[in-house]
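See below for the structure under consideration.
The values are calculated or read from the model by the stated rules, or taken from the named source; none is laboratory data. Please read all numbers here as calculations on a predicted model, not as lab measurements. Here the Cβ is made from the backbone with ideal geometry for all residues, glycine too, and neighbour counts use every protein chain on show. Just the protein is used for accessible areas: all its heavy atoms, side chains included, with ligands, DNA and RNA removed. Shrake-Rupley method; radii C 1.70, N 1.55, O 1.52, S 1.80 Å.
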Amino acid sequence: MAIIKTEALYKQVANEMRAQIMNGEWEPGSKIPPEEQLSALYAVSRPTVRQAVAALRTEGLLDVQQGRGSFVRNRRANASVLMEQDITRTGARYGTGFDQWAQDGEPAAVHIRLDEASAELLDLPEGEAAFAAECPLIHEASGTRALHRTILPMERITGTPLAKNVLVSVAKIYAILATAHGELEWCETVSARMPQPDERATLHLPEAVPLLISQRVTLTQAERCPLILETTSLGAGQAQFAYTLHATARPRATKTKPHR
């Protein structure tokens, strides 16, 4: 390796290692040489090798397994896929982007009390009773994982089939809510943050990869009353949200005559 004095040494080693991963010399799932061999190969110290490995781990190219060594990540798991956020409707039936994802385990539901943030989005007092339904998802073509969580306040679902069973598809939830409350509309925001350890483990995320999070509130069209809150989380380096946007007519401003 030719040393470039103007660039940090560990970055140069990382560049060499990255090239070996990208050109297939180190295949996905294979174990890379240990620190001692890499140190001799690149004529650098072991701490420099350690820094280079840490950089590639941050990029999601390597997995470091305690006591076993460093392994090349399967690039299939790093493929960028689209999480379609569109909602379609045919008669009384709804369709969502989740139709392209499979369950990655059993969904679960628990009784909760609304925290301050959820209560504000749902326009309800903090502490109101609700169900929280959680479903792990996987995009089978790429291996990308996502976590979908729905909060259904008891006040909004009482008198509907959801009061007895919330573990149904999102499309079916929309259909039930539309029957009970009339025409629906949706408001969605997207944000990012670093994952908690349990989130990183559930979604199989490498370190330093942030979460991409969408929060969708389902509302009644007539009164814009919030009904449920959905949160979808996935690795920002693995997927992206996709939307189809439609222009809506704005009400004309009423002209007022000047007072004389």
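Annotations
- Scanning segment 60-101 for residues that are surrounded by fewer than 18 Cβ atoms within 10 Å (Cβ to Cβ), farther than 30 Å from Glu183 by Cα and polar (S, T, N, Q) turns up Gln65, Gln66, Asn74, Ser80.
- For segment 102-137, a residue qualifies if it is open to solvent by less than 30 Å² (accessible area, probe 1.4 Å), more than 17 Å from Lys172 (Cβ to Cβ) and part of a strand (DSSP E or B), and the qualifying residues are Ala130, Ala132, Pro136.
- Members of segment 148-166 that are of a type outside the set (Val, Ile, Thr), touching a residue at least 60 places away in the same chain (Cβ under 8 Å) and within 27 Å of Glu199 (Cα to Cα): His148, Arg149, Leu152, Pro153
- Within segment 21-54, if we keep just the residues that are at pLDDT below 90 and assigned to a helix (DSSP H, G or I), the residue that is most open to solvent (accessible area, probe 1.4 Å) turns out to be Met22.
- Filter pass, Glu155 being open to solvent by 40 Å² or more (accessible area, probe 1.4 Å) and in contact with a Lys or Arg (Cβ under 8 Å, 6 or more places away or on another chain): no
- With respect to the conditions (1) without any contact (Cβ under 8 Å) to a residue 60 or more places away in the chain; (2) part of a strand (DSSP E or B), Asp63 lacks only one, and its number is (1).
- Segment 199-227 - residue that is at pLDDT 90 or above and open to solvent by 30 Å² or more (accessible area, probe 1.4 Å) and, of those, nearest to the chain's Cα centre (by Cα): Leu212
- Evaluated against (1) in contact with an Asp or Glu (Cβ under 9 Å, 6 or more places away or on another chain); (2) assigned to a strand (DSSP E or B), Thr231 falls short on exactly one condition, (1).
- Verdict on Arg57 being among the charged types (D, E, K, R), open to solvent by less than 60 Å² (accessible area, probe 1.4 Å) and modelled with pLDDT under 90: no
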